[in-house]
Amino acid sequence: LKGPREEIVYVPCIYRNTGRKKPDFLATVDVNPKSPHYCQVIHRLAMPNLGDELHHSGWNACSSCFGDATKKRNRLILPSLISSRIYVVDVGTDLRAPRLFKVVNPEDVFWKCNLGYPHTSHCLGSGEIMISALGDPAGSGKGGFILLDGETFEIKGNWEKGDKVPPMGYDFWYQPRHNVLISTEWGIPKCLGYGFDPNDLKKGCYGRRLNVWDWTTHTYVQAIDVGEDAAPLEIRFLHNPDAAEGFVGCTISSAIHHFYKTEVGDWAAEKVIQVPSKKVEGWLLPEMPGFITDILISLDDRFLYFSNWLHGDIRQYDISNTRQPKLVGQVFVGGSIAKGGPVTVCEDEELQSQPDPFFIKGKRVPGGPQMIQLSLDGKRLYVTTSLYSAWDRQFYPDLPRDGSVMLQLDVDTEQGGLTVNRSFLVDFGKEPDGPCLAHEIRYPGGDCTSDIWV
């Protein structure tokens, strides 16, 4: 909370499914308002391959390694969602100009772990690195974890033990004080990989469980059902390592579930927020869900934030009472229901009228709010607008053409409230190699979504 203000951020930028035969790259963006390069990409590290789909990143060392003087946060781990490559990036030599350190080939992931489609990377207190996977090498669903050596970055094998594994994987968070790891489920890679097909609903193609693991034995011990086709994505424990609770955002069902440890020692979940669908015309389905795609919790565990990628709003909830979150801030920054667009809202439980199109610095923002990252002091919320290239192309056809953006919201940390910073815009539509899709936001010093305290 009292760490230095962020001056640069790292953002994976994707060219897959944009029609441009260019490799994805890691952008270094200047977010220091006193800098002459404010809101500019100051460095681009291009990957050596095409079609990777860089997605989420993690560190070789984080708060889990606190007290180990030999550990330095000098390598950024970049799994590729589609190619299954894992890039290790050197950010220690020059923070502002990262360079490629190592490439873990997909064949190693396939043969050594029988996994593919790597997603979330977290460092462990042991110094090892753990990466969750969506499925097996053939694109079928399978929940498992890749373990990397923290020094050589060679694959050591699978973290999970035993014959029992979940049917799908996605994100995860662990909490050693409660001997638990909980993972989530997006969907079967070969179903979602090329786009969203409504016919896949009700067929078991999308996830519905929170999967509970015994942290000590690495075994799968419990499944918590949060509803058919819920697609639970990002999962966040409270940052307080004593707290045996947290929140998960369900995309397709557009609900937030509070999960917690019960008195008998197992785990349970209850729905605490439901974003109502809107009845619409001119869209893929007669009802449009909010599509909660990212959530985070402030470092003081006071506020929960999430993005509705389709409706176009970002919300702030006071979670002082974790079982009864209270909406205290909301702002629309794009989305599919803006006035004058192809979608007509016929029935809406929340809004009196469709929101105005969102413009900033003369640019109409394509897409909707997606990945979010909060400053350490909780006063600035950064937002990007790309979800995943195949879905971007489908839901927002102008997004691959025009490129995504990064925005910044000012946060009222006293009463709650969100306001767009009108002086901040990073336009990835103006990249030298053409418009690209910017995704996750990561600070060099660690942030709300990378660090786990043990």
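The values are calculated or read from the model by the stated rules, or taken from the named source; none is laboratory data. Being a predicted model, the structure only gives us computed values, none of them experimental. Here Cβ is always computed from backbone atoms with ideal geometry, including for glycine, and neighbour counts include all displayed protein chains. The accessibility values were calculated without ligands, DNA or RNA, using every heavy atom of the protein model including side chains. Shrake-Rupley method; radii C 1.70, N 1.55, O 1.52, S 1.80 Å.
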(request) Heads up, I need the accessible area for residue 322: 1.4 angstrom probe, whole protein in place, Å², nearest 10. (result) 20 Å²
(request) Starting from the alpha-carbon convex hull of the stretch 187-311, give the projected area averaged over all orientations, in nm². (result) 9.1 nm²
(request) Can you pull the one-decimal nm distance between simple spin-label points at residue 37 and residue 216, each 7 Å off the Cα toward Cβ? (result) 5.0 nm
(request) In whole Hz, with x marking every Gly and Pro, tabulate ³J(HN,Hα) for the stretch 81-95 from phi via Karplus 6.51 cos²θ - 1.76 cosθ + 1.60, θ = phi - 60°. (result) 5, 9, 6, 6, 6, 10, 9, 10, 10, 7, 10, x, 5, 8, 3
(message) What are the ³J(HN,Hα) couplings of the stretch 376-389, residue after residue, when phi is run through the Karplus curve with 6.51, -1.76, 1.60 and θ = phi - 60°? Round to Hz, x for glycine and proline.
(response) 4, 7, x, 9, 10, 10, 9, 9, 10, 10, 9, 9, 6, 4
(message) In Å², and per residue, what accessible area does the chain have when probed at 1.4 Å with the other protein chains present?
(response) 37 Å²
(request) At 7 Å along the Cα-to-beta-carbon direction for both residue 401 and residue 111, put a label point, then send me their distance in nm to one decimal. (result) 4.5 nm
(request) Working with all protein chains in place, sort 215, 267 by solvent-accessible area computed with a 1.4 Å probe, largest first. (result) 215, 267
(message) Taking amide H atoms as placed 1.01 Å from N in the peptide plane, list the residues 5 or more away in sequence, or in a different chain, whose amide H sits under 5 Å from that of residue 134.
(response) 116, 119
(message) Probe radius 1.4 Å, ligands and nucleic acids ignored: give me the carbon and sulfur share of the accessible area of the chain as a rounded percent.
(response) 48 percent
(message) Taking each pair of distinct Cα atoms in the stretch 1-84 once, what is the resulting Kirkwood hydrodynamic radius in Å?
(response) 14.8 Å
(message) Limiting things to C-alpha atoms, what are the Rg and the maximum Cα-Cα separation (Dmax) for the stretch 343-454, in angstroms?
(response) 15.8, 49
(message) What are the ³J(HN,Hα) couplings of the stretch 29-38, residue after residue, when phi is run through the Karplus curve with 6.51, -1.76, 1.60 and θ = phi - 60°? Round to Hz, x for glycine and proline.
(response) 10, 7, 10, 8, x, 8, 8, x, 9, 3
(request) Round to the nearest 0.05 the FRET efficiency obtained for residue 260 and residue 99 when R0 = 45 Å and r is the Cβ-Cβ distance. (result) 0.55
(request) Evaluate E = 1/(1 + (r/R0)^6) for residue 163 and residue 321, where r is the Cβ-Cβ distance and R0 equals 30 Å; express this FRET efficiency to the nearest 0.05. (result) 0.15
(request) Quick one: which residues, 5+ away or cross-chain, put their amide H under 5 Å from the amide H of residue 376? H built at 1.01 Å from N. (result) 6
(message) With a 1.4 Å probe and all protein chains kept in place, how much accessible area does residue 285 have, in Å² rounded to the nearest 10?
(response) 50 Å²
(message) What percentages make up the Cα-Cα pair-distance distribution of the stretch 139-235 when the bins are 10 Å wide from 0?
(response) 16, 44, 30, 10, 1
(request) Could you give log10 I(q)/I(0) at q = 0.15 Å⁻¹ for the stretch 224-374, computed by the Debye formula over C-alpha point scatterers of equal weight, without solvent? (result) -0.78
(request) List the pair-distance distribution P(r) of the stretch 1-148, using every Cα-Cα distance, as the percent of pairs falling in each 10 Å bin from 0 up to the bin containing the longest distance, rounded to whole percents. (result) 11, 36, 35, 15, 2
(message) Could you give me D for the stretch 8-438, from Stokes-Einstein at 37 °C and 0.692 mPa s, where the hydrodynamic radius is the Kirkwood radius over C-alpha pairs? Units µm² s⁻¹, please.
(response) 150 µm²/s
(request) For every helix of n ≥ 4 consecutive DSSP H residues, a contribution of -39,500 (n - 2.57) applies; sum these over the chain, divide by its total residues, and give [θ] at 222 nm rounded to the nearest 500 deg cm²/dmol. (result) -1000 deg cm²/dmol
